[in-house]
Amino acid sequence: AIGQALAVAQPEWGERIGVCIDTAHLWGAGHDIGTPEAATTTLAAMDAAFGLAAVRIIHLNDTTTALGGHRDLHARLGEGIIGADGLRTLLRDARLAHTAIILETPIKLREGTEEHDWDDDRTRIDYARQLARNLKNS
C-alpha cells in the first residue's frame, strides 16, 4: 500500500522532509496512473496515506514495465505505457501545484554517435509542460 513507504515518517522531521512521487515507481509498484480515473484513485490513496501537501517533487517519466511489474525501468515521455491522460490528470491536480517536476528520463543519443540529443530533450520538456500546463510557473 502507498502508506507503507511512510511508516517511518515522523512529524518532527519538519518542513525540509517531504515526499517524492516517481511516476515509473508508482506504476511498477502497481499504482495505476494510466487513465484519468485511475490517476484520481491513486491521488486519493496518496492523499489519505500522507497528504498531498507533503509531496515536494515529482519525478516525471514513462516506463516500459507492466503495471505492478516491480521493475524500475524509466522511459522517455511518450515512449512507454503510462497513458498521457493519466499523467495529465496527476500533474494538473491543484493539490500538487506547489511541487517541482523533474524530468527523469534516459538520455537519447544522436543516431550513430555518442552525442547527447538536446533537441529530443527540448521536445520532451515541451511535452511535460503541456501535460502540466495549468500548474503555477509552467
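The values are calculated or read from the model by the stated rules, or taken from the named source; none is laboratory data. Remember, predicted model here, so these are calculated numbers, not experimental data. Cβ: placed from backbone, ideal geometry, glycine included. Neighbour counts: every protein chain shown.
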Test for L77: is it buried (at least 20 other Cβ atoms within 10 Å of the Cβ), in contact (Cβ under 8 Å) with a residue 60 or more places away in the chain, of a type in the set (A, V, I, L, M) and touching a Ser or Thr at 6+ places or on another chain (Cβ under 8 Å): no
message: Going by what's in this entry, would G14 be described as at pLDDT below 90 and either surrounded by 19 or more Cβ atoms within 10 Å (Cβ to Cβ) or more than 20 Å from I125 (Cβ to Cβ) (or both)?
response: yes
task: Check R71, R122, R110, R76 and return the single one that is at pLDDT below 95, of a type outside the set (F, W, Y), farther than 30 Å from R16 by Cβ and in contact with a Pro (Cβ under 8 Å, 6 or more places away or on another chain).
output: R76
field: Residues of region 56-73 that turn out to be within 22 Å of R129 (Cα to Cα), out of contact with any Cys (no Cβ under 7 Å at 6 or more places or on another chain) and among the β-branched types (V, I, T), as a count
entry: 3
query: Which is under 19 Å from A132 (Cα atoms), modelled with pLDDT of 95 or more and assigned to a helix (DSSP H, G or I), of A44, A53?
result: A44
- request: Sort through L26, L103 and tell me the only one that's under 18 Å from R133 (Cβ atoms) and among the aliphatic types (A, V, I, L, M).
  value: L103
message: Residue pairs, Cβ under 6 Å, 6 or more apart or interchain, first in region 46-65 and of a type in the set (D, E), second assigned to a strand (DSSP E or B) and surrounded by fewer than 21 Cβ atoms within 10 Å (Cβ to Cβ). List them.
response: D62/A75
Among the residues listed as T123, T105, the single one being in a loop (DSSP other than H, G, I, E, B) and either of a type outside the set (F, W, Y) or touching a helix residue (DSSP H, G or I) at 6+ places or on another chain (Cβ under 6 Å) (or both): T105
